[in-house]
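Notes for the one structure printed next.
The values are calculated or read from the model by the stated rules, or taken from the named source; none is laboratory data. Please read these numbers as outputs of a predicted model, since none were measured by experiment. Cβ placement follows ideal geometry from the backbone for every residue including glycine, while neighbour counts extend to all protein chains displayed.
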């Protein structure tokens with residue numbers, strides 16, 4: 001594991017290794033046990049997209065690990081003035097021990113890794129969100145104790161979250177079902193790969209996807225960069241809400257997950273959100289622990 005660019009690059013053993021370390025680091029933080037695995041290390045954090053959880057969890061994570069983090073926005077770096085990502089990668093690699101980037105194009109992340117000489121972590125692109133899904137997997141295992149025999153249902157837009165949930169869920173042994181409107185399906189290559197595993201369903205019927213699910217997942221209908229489509233998407237996705245009626249076809253002890261921020265009354269009702277708030281905010285916390293595990297796996301190797 002040299003970088004975290006997308007979950008498709010990792011095998012089951014590598015994913016589980018990250019999750020196991022995340023569990024250990026979470027235990028240590030909860031019990032006040034210092035774990036300065038990255039003492040003296042510096043992470044550069046490039047943000048082309050706004051953030052709450054990604055910025056705070058990476059910054060706090062580096063502090064917990066004994067290192068430091070630098071916030072770098074496009075507006076305040078030469079990236080905003082047109083410096084090629086290839087040049088930025090080679091410059092930052094001479095200053096930093098690792099780079100996290102949250103941006104639009106997956107190609108930017110791939111080029112950072114290709115031209116740089118330090119580990120690169122994908123903090124989110126329009127294509128995938130591996131850090132979030134590692135936290136999601138960590139949360140599912142905490143509540144269900146296993147991945148085997150677990151069905152994960154995703155309801156909504158076939159976006160970066162759907163792409164990464166399909167890959168991550170199937171790789172650790174879960175069955176994954178996705179329900180989305182026609183024309184809003186996940187990445188075609190990911191769907192093709194998933195279909196070949198025999199543990200994947202893609203449908204436009206939310207009840208088919210959620211039937212007997214152990215975990216039901218949703219996300220906003222309009223992701224960052226799609227705000228201009230918000231009103232159109234409200235109409236398209238009107239029937240793709242996680243509500244009490246939908247949850248009635250899932251398993252009685254099904255959990256609900258949301259990567260946040262949530263728009264109550266749109267992709268999820270307020271009553272379902274609050275009924276499962278413990279799971280959702282544990283999931284949000286686990287961003288910290290999962291990302292710390294990723295940083296240790298990648299950046300400790302450079303010691």
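A few remarks follow.
- Some residue of the range 175-189 being under 26 Å from residue 15 (Cα atoms), surrounded by 15 or more Cβ atoms within 10 Å (Cβ to Cβ) and in contact (Cβ under 8 Å) with a residue 40 or more places away in the chain: yes
- Taken as a whole, the range 80-90 holds no residue that is in the same structural domain as residue 29 (by TED's automatic domain parsing), in contact with a helix residue (DSSP H, G or I) (Cβ under 8 Å, 6 or more places away or on another chain) and in a loop (DSSP other than H, G, I, E, B).
- Of everything listed in (1) surrounded by 17 or more Cβ atoms within 10 Å (Cβ to Cβ); (2) modelled with pLDDT of 95 or more, the single unmet condition for residue 48 is (2).
- The single residue among 148, 49 that is assigned by TED's automatic domain parsing to the domain that holds residue 184, within 29 Å of residue 267 (Cβ to Cβ) and more than 13 Å from the chain's Cα centre (by Cα) turns out to be 148.
- You will find that of 127, 95, the residue that is at pLDDT 95 or above, assigned to a loop (DSSP other than H, G, I, E, B) and under 12 Å from the mean Cα position of the chain (by Cα) is 127 and no other.
- Residue within the range 45-61 that is farther than 21 Å from residue 133 by Cβ and in contact (Cβ under 8 Å) with a residue 12 or more places away in the chain present: no
- Considering the conditions (1) in contact (Cβ under 8 Å) with a residue 24 or more places away in the chain; (2) assigned to a loop (DSSP other than H, G, I, E, B); (3) under 30 Å from residue 147 (Cα atoms), residue 109 is excluded by exactly one of them, (2).
- The range 3-21 residues that are without any contact (Cβ under 8 Å) to a residue 24 or more places away in the chain, paired with ones that are part of a loop (DSSP other than H, G, I, E, B) (beta carbon under 7 Å, 6 or more apart): 14/1
- Taking the criterion of being surrounded by fewer than 20 Cβ atoms within 10 Å (Cβ to Cβ), touching a residue at least 12 places away in the same chain (Cβ under 8 Å) and either out of contact with any strand residue (DSSP E or B) (no Cβ under 8 Å at 6 or more places or on another chain) or assigned to a helix (DSSP H, G or I) (or both), the only residue of the range 194-205 that qualifies is 197.
- Residue in the range 58-81 that is closer than 28 Å to residue 13 by Cα, in contact with a strand residue (DSSP E or B) (Cβ under 8 Å, 6 or more places away or on another chain) and surrounded by fewer than 20 Cβ atoms within 10 Å (Cβ to Cβ) present: yes
- Residue in the range 251-262 that is part of a loop (DSSP other than H, G, I, E, B), surrounded by 15 or more Cβ atoms within 10 Å (Cβ to Cβ) and over 23 Å from the mean Cα position of the chain (by Cα) present: yes
- Qualifying residue in the range 219-240 (condition: within 19 Å of residue 170 (Cβ to Cβ), touching a residue at least 12 places away in the same chain (Cβ under 8 Å) and either within 21 Å of the chain's Cα centre (by Cα) or surrounded by fewer than 21 Cβ atoms within 10 Å (Cβ to Cβ) (or both)): yes
- Screening 290, 250, 254 for residues that are under 30 Å from residue 119 (Cα atoms) and in contact with a helix residue (DSSP H, G or I) (Cβ under 8 Å, 6 or more places away or on another chain) leaves exactly one candidate, 290.
- Candidates 169, 158 - the one that is part of a helix (DSSP H, G or I), in contact with a strand residue (DSSP E or B) (Cβ under 7 Å, 6 or more places away or on another chain), buried (at least 20 other Cβ atoms within 10 Å of the Cβ) and without any contact (Cβ under 8 Å) to a residue 60 or more places away in the chain: 169
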